[in-house]
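Notes follow the structure.
Since every read-out is calculated from the coordinates, none of them should be taken as a lab result. Remember, it's a predicted structure, so these values are computed and weren't measured experimentally. No Cβ is skipped: glycine too gets one built from the backbone with ideal geometry, and neighbour counts run over all protein chains shown.
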């Protein structure tokens, strides 16, 4: 009772506690979940000028465009992100300018005679390089008739319409900017001077090596001054990080190699006795070369052997292209080096089509046999080979292996001149006639192979993993990792500057493991070693070919990099600047011969040098030197000019007068053209740079 009485007296405390609890729940609900009342979102991939991009939308579009097609997933996600960003900024700019795409315009861009580049890219036949208007018309008809019901195709087409509108609006904006570019008369006249004048000059080059590195001392201020002077080159828009990584390569052992060799050796007797070579090599992951190859076409490892052992025998095991192989000689023939032929092709791609194609070929052969029609006329009318139908089915000077193996066999091995042959290939059914064979011949051979790639066994991969595991357990700091790697003979590499959404690292290349290292690096502290061991796969044989340990080397905020983070990269450049100042102080007078003699150098010349020349023979790439020379008059000598490879003193020997510009309109066009051509690429980048973009992709991928 006393307790209840006490609670009643202090009931206000209980009310406050309950109120705080309820408020806590409300605030938590307001600020969490997929979308809070304050606008935050756990599922927001990014935000472009206030327009949120939801992860579900991003993922849905990725599935629509790519599905489970495989390929390099990180590159396509970057392309998709760039599309969403560009669409947002283009739409915003178009609305401000009053631009749009009407329904009639959109329809014409999809199905008209001059379709959008988006349609051209996706509906152009790679063989004929022609737009497949038949397929487009079928899609248009299905949309109009309401039979365009495939959900995946409808989603794809709906997104494609957005891509088309984005491309069209961007094209309109580009057009407006391009037409607004104007070259004033004074600039045209200056351009005339730059384009018309070429000068001859003499110069002395004193290389930076003239001053020993020990003669210059560098301070942090020197580095900072250099960075400030070259601000545009080194300024970073976003934070970057560098990692150091040690690589444990997984290499096949002697035991692994011997086991693979023995496996091939054990199959050779069965390979030699096999009556069905195709079935045997298929069971054992081999291959049959359907063509007859000359000695030059074969690998040098077996070229001589293939022409010396009996047909039906097997040679091996031998090593070629990273695999143990065994080769069986299936056939050998002396073949003409060229031939003339003609054929009629009826295409087929299903069992029913092949049966129908065979019936057509039989009927055409009967017509030829009865003399009712000529081969030329039937080929022109019925052949579905666009390369020969209009020529009566004829091909001249065909070389071995130019056609599919079945055609090649008849044309160069089994067929008789003047006879017709009915042959099935991957294209359909052919009616073939051999017209001529050359007198010159070459001996050729047809072979089959079985092979085992020389790759590490699972035991070897596990052993290397255990080594890496022990290594990372003992080395939890970057300096420890460096020292241990040095004692174990491991090379520690330094990555390029990584951004938070990067997915490729130096020699490691692109992929999920590289992406995982980047994600870890942006959540780690400087000097920390990742507890995870990153496994990289061989791109051909799909085994783990290396285990990688990573440590965070540096963190660089947006802006100019700190001296500590970039010193290694710019040290020699800063040294050259200091050496340039030292050499410049030592140069006395304006006589080139005297200057050259005092530095044991020589006087060189450069002729017909233009202002826009990127490279000048004997001089090299020295824009400062060329720029200085064009500011001088004929006979004038420059002061010291610090260039890329040394310090220069220049004398202008010849500088003719360009004369008065006579065709200003043409000069305007010449100067404006290269600038206008850069608008499509540069304008969208400028628009993106000026947009307020929040990129959260690294949270999800």
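Classify segment 254-334: rounded, prolate or oblate, from the alpha-carbon gyration tensor (a ≥ b ≥ c, eigenvalue square roots; a/c under 1.5 rounded; otherwise prolate if a/b is larger than b/c)?
On the way: a/c = 1.92, a/b = 1.32, b/c = 1.45.
Verdict is oblate for segment 254-334.
Distance in nm between label sites at residue 177 and residue 537, each 7 Å beyond Cα in the beta-carbon direction?
Computed distance between label sites residue 177 and residue 537 equals 4.1 nm.
Report the relative contact order of the chain, percent, no decimals, based on alpha-carbon pairs under 8 angstrom and at least 6 residues apart. Can you show the working numbers first?
On the way: 981 pairs, mean separation 155.4, N = 701.
In percent, rounded to a whole number, it is 22.
Over segment 554-656, what portion of Cα pair distances is larger than 16 Å, expressed as a whole percent? The partial results should precede the final answer.
Values: 3406 of 5253 pairs.
Percent of Cα pairs beyond 16 Å in segment 554-656: 65.
Nearest 5 percent is fine: what portion of the DSSP beta bridges confined to segment 338-437 is antiparallel?
Details: 17 of 18 bridges.
If I count the DSSP bridges inside segment 338-437, around 95 percent turn out antiparallel.
Could you compute the FRET efficiency for residue 111 and residue 381, with r as their C-beta to C-beta distance and R0 at 51 Å, rounded to 0.05? Write out the running numbers ahead of the final one.
On the way: r = 32 Å, r/R0 = 0.62.
For R0 = 51 Å, the calculated efficiency reads 0.95.
Full-extension gain between residue 459 and residue 154, please, as 0.36 nm times their residue separation minus the C-alpha to C-alpha distance.
Details: separation 305, 0.36 × 305 = 109.80 nm, distance 4.97 nm.
Contour length minus Cα-Cα distance gives 104.8 nm.
Please list, short to long, the whole-number percent of alpha-carbon pairs of segment 338-437 in consecutive 5 angstrom bins beginning at zero.
Binned Cα distances yield the sequence 3, 14, 25, 27, 20, 9, 2, 0.
Could you give the distance between the Cα centres of segment 270-338 and segment 82-151, to the whole Å?
Cα centroid to Cα centroid, the span is 51 Å.
Label point 7 Å out from residue 653 along Cα-to-Cβ: which residues of segment 186-207 have amide N under 15 Å?
Residues 198-205 qualify, since their backbone N sits under 15 Å from the label point.
Applying 1/(1 + (r/R0)^6) with R0 = 56 Å to the Cβ-Cβ distance of residue 605 and residue 685, what FRET efficiency is obtained, to the nearest 0.05? Show your work: numbers first, answer last.
On the way: r = 42 Å, r/R0 = 0.75.
Between residue 605 and residue 685 the formula returns 0.85.
Which whole-number percent of Cα pairs in segment 288-383 have a distance greater than 21 Å?
Values: 2631 of 4560 pairs.
When every Cα pair of segment 288-383 is considered, 58 percent fall beyond 21 Å.
Once the cut-off is 22 Å, how many percent of the Cα-Cα pairs in segment 147-233 end up in the long-distance tail?
Working: 2763 of 3741 pairs.
Result for the distance tail: 74 percent.
Could you give the alpha-carbon Rg of the chain over 2.2 N^0.38 Å, rounded to two decimals?
Details: Rg = 36.7 Å, N = 701, 2.2 N^0.38 = 26.5 Å.
Ratio of Rg to 2.2 N^0.38 Å for the chain: 1.38.
With a/c under 1.5 counting as rounded, go ahead and sort segment 431-586 into rounded, prolate or oblate using the C-alpha gyration tensor (a ≥ b ≥ c being the square roots of the eigenvalues; past the cut-off, prolate if a/b is larger than b/c, else oblate). Don't skip to the end; give the middle numbers.
Values: a/c = 2.77, a/b = 1.57, b/c = 1.77.
It comes out oblate by the Cα gyration axes.
Please compute the modelled spin-label separation between residue 355 and residue 125, points set 7 Å along Cα→Cβ, answer in nm with one decimal.
Roughly 2.7 nm, to one decimal.
So between residue 218 and residue 369, what do we pick up on full extension, going 0.36 nm a residue minus the alpha carbon distance? Walk me through the numbers on the way to the answer.
Working: separation 151, 0.36 × 151 = 54.36 nm, distance 9.34 nm.
Taking residue 218 through residue 369 to full extension adds about 45.0 nm, to one decimal.
Given a Förster distance of 35 angstrom, what is the FRET efficiency for residue 313 paired with residue 493, based on the Cβ-Cβ distance and rounded to 0.05? Before the final figure, lay out the partial values.
Working: r = 49 Å, r/R0 = 1.39.
E between residue 313 and residue 493, to the nearest 0.05, is 0.10.
With the contact rule set at Cα under 8 Å and sequence spacing of 6 or more, what percent relative contact order holds for segment 536-614?
Numbers: 23 pairs, mean separation 8.4, N = 79.
Taking the mean separation of contacting Cα pairs over the length of segment 536-614, I get 11 percent.
Between residue 66 and residue 699, what is the label-to-label distance in nm when each label sits 7 Å out along the Cα-to-Cβ direction?
Distance between the two pseudo-spin positions: 2.1 nm.
Just want to confirm a number: the relative contact order over segment 486-573, from Cα pairs under 8 angstrom separated by 6+ residues, in percent. Please report the intermediate quantities before stating the final value.
On the way: 82 pairs, mean separation 15.7, N = 88.
That works out to 18 percent.
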